[in-house]
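The structure appears below as structure tokens.
Taken together, the values in this text are just the output of simple stated rules run on the coordinates, not laboratory data. Since the structure is predicted, the reported quantities are computational estimates derived from the model, not experimental observations. Cβ atoms come from the backbone with ideal geometry, glycine included; neighbour counts cover every protein chain shown.
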Amino acid sequence: MVRNMDLIRELLLRLESLPTNPSSIYLLKPGSDETEIEGYSADQIDYHLSLISEAELIESGRSAAVMNGYMFKRLSWAGHDFLDSIRDPEVWAKTKRGAEAAGGFTVDLLKDLAKGFLKKQVEEYTGIKL
């Protein structure tokens, strides 16, 4: 299956929006309300949850992969950083175009590209060279 960064972004946005507290742990299953995203199959969701877990973008509080699902406690620091860098739809579109023009991308490259776009926006808004 091909990795779909749009789906990873959508899943992270969805997971971030879940109500959590220090003791809450969700069992994420493909097809559940927490992970259902229109236009994507349960197999695609399952595969991408696995990738998100492997990339350590989420924390589970336990072993992440369980029978028929994934444990989810919260986004990890890296997950928050990645999502914050690609949250804005305009920045995400520019980031994807840049990565596609280069012929490929990794999560780290996408984050770095998005940070570059954000840095440029901050400089334009504040007049301060970063």
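Details
- In order through the stretch 98-112: 3J(HN,Hα) via Karplus (6.51 cos²θ - 1.76 cosθ + 1.60), integer Hz, x for Gly, Pro: x, 5, 5, 5, 7, x, x, 6, 10, 4, 5, 5, 4, 4, 5
- Ranked by the mean number of other Cβ atoms within 10 Å of their residues, highest first, the peptides 104-112, 5-13 fall in the order 5-13, 104-112.
- The stretch 5-76: relative contact order as a whole-number percent, Cα under 8 Å and 6+ apart: 36 percent
- Counted charge near Asp46, where neighbours are those whose Cβ lies closer than 15 Å (Asp, Glu -1; Lys, Arg +1): -2
- Relative contact order %, the chain, counting alpha carbon pairs below 8 Å whose residues are six or more apart: 20 percent
- Helix 42-54 and the longest principal axis of the Cα set of the chain meet at an angle near 70°.
- Rounded to the nearest 10 degrees, the inclination of helix 5-16 to the longest alpha-carbon principal axis of the chain is 70 degrees.
- Projecting the Cα positions of Gln121, Gly69, Leu15 onto the charge dipole of the chain (unit charges on Cβ atoms of Lys, Arg, Asp and Glu, taken about the Cα centre) puts Gln121 furthest along the positive direction.
- Restricting the stretch 21-130 to GluC sites (Glu not before Pro) in coil, as DSSP defines it, with at most 13 other Cβ within 10 Å: Glu36, Glu38, Glu56
- Taking a straight Cα-Cα cut-off under 19 Å and skipping sequence neighbours fewer than 8 places away in the same chain, the lysines within cross-link reach of Lys129 are Lys115, Lys119, Lys120.
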